[in-house]
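Asker: The structure follows.
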Amino acid sequence: MTTLPLPAVPVDGGLSQYFQQVFKFPVLKAEEEYMLAKRWKEHGDVEAAHELVTSHLRLVAKIAMSYRGYGLPVADLVSEGNIGLMKAVRKFEPERGFRLSTYAMWWIRAAITEYILKSWSLVKLGTVAAQKKMFFSLRKLKGRLKIMDNGELSPDQAALLAKELNVSESDVIGMNRRLAARDLSLNAPVAEDNGTEFQDTLVDETPSPETLLADGEELNYRKGLLRDAMQVLPARERHILTERRLKDDPVTLEELGKTYGISRERVRQLEVRALEKVTNAIEESVAEDAR
């Protein structure tokens, strides 16, 4: 998979041409994607795998651009995302009935976020889930709460952010200082040969309004499918599936078992049953829409 001839990601910050190239690859229909995935999985057809990868390079580009504010070259983020995409194609199971994009986006995000965490050597960030969540949520939360990203936080701001993130104020202050220190490197060169700065790579590289509209419509469609499918579940199964599969920090089987007065194994069985029901309901809805 790593030897597939993908378009070369430029290292000089000039990504516009690369994005134009990857957006020329056709988007696969569901049945085309299924057959290609079967050819790769059952027969090791590298050409089929290559077509699956190239048809989703635009997804990698879109996700990589959403992480461009961390002071790292976008080209590196795209390259790491491509590695995540290839891992997703390798492990994709088309029989489950979901599209590759739904499955691959988690692998792509995981590859990019791990690269960002490893690259922030000055931060020396730990690997626990709470620290990772704070790392990627603090800047977004500051924007939502209209807290200026200009350095030191006031005591009231630190307290508010700590409450929202469910961490200590000292953790928020420390992470904010690290993020602010890293921001100073936005004008650092990403290519020594031509003096290109990271901030230069942000010009004219945002998705077009047409792409944003299409992505929004696709997201709303998927949310609608999931919302309608969840209605087929009894209240207890719906709550268990939500707590276990739809939250950033899933609740443990043991905690849910205590809530309902049942064993961990029984909670696991209910979770599996609920997931099967939702999957079947989504498949039926998609089939009806395709008619």
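Please treat every number below as a calculation from the coordinates, not as lab data. Owing to the predicted nature of the structure, the values given are computational and were not obtained by experimental measurement. Cβ placement follows ideal geometry from the backbone for every residue including glycine, while neighbour counts extend to all protein chains displayed.
Asker: Using only the Cα atoms, what convex hull volume per residue in Å³ does region 209-290 have?
Answerer: Cα convex hull per residue, to the nearest whole number: 89 Å³.
Asker: Sorting check: for 108-116, 234-242, 246-254, 279-287, which peptide has the highest mean count of neighbouring beta carbons within 10 Å, and how do the rest follow?
Answerer: 108-116, 234-242, 279-287, 246-254
Asker: Please tell me which of these pairs span more than 28 angstrom C-alpha to C-alpha: Lys29/Lys118; Lys118/Lys142; Lys87/Lys146?
Answerer: Over 28 Å Cα-Cα: Lys29/Lys118; Lys87/Lys146.
Asker: Under the Kirkwood approximation applied to all pairs of distinct alpha-carbon atoms, what is the hydrodynamic radius of region 16-119 in Å?
Answerer: Value: 13.9 Å, from the Cα pair sum.
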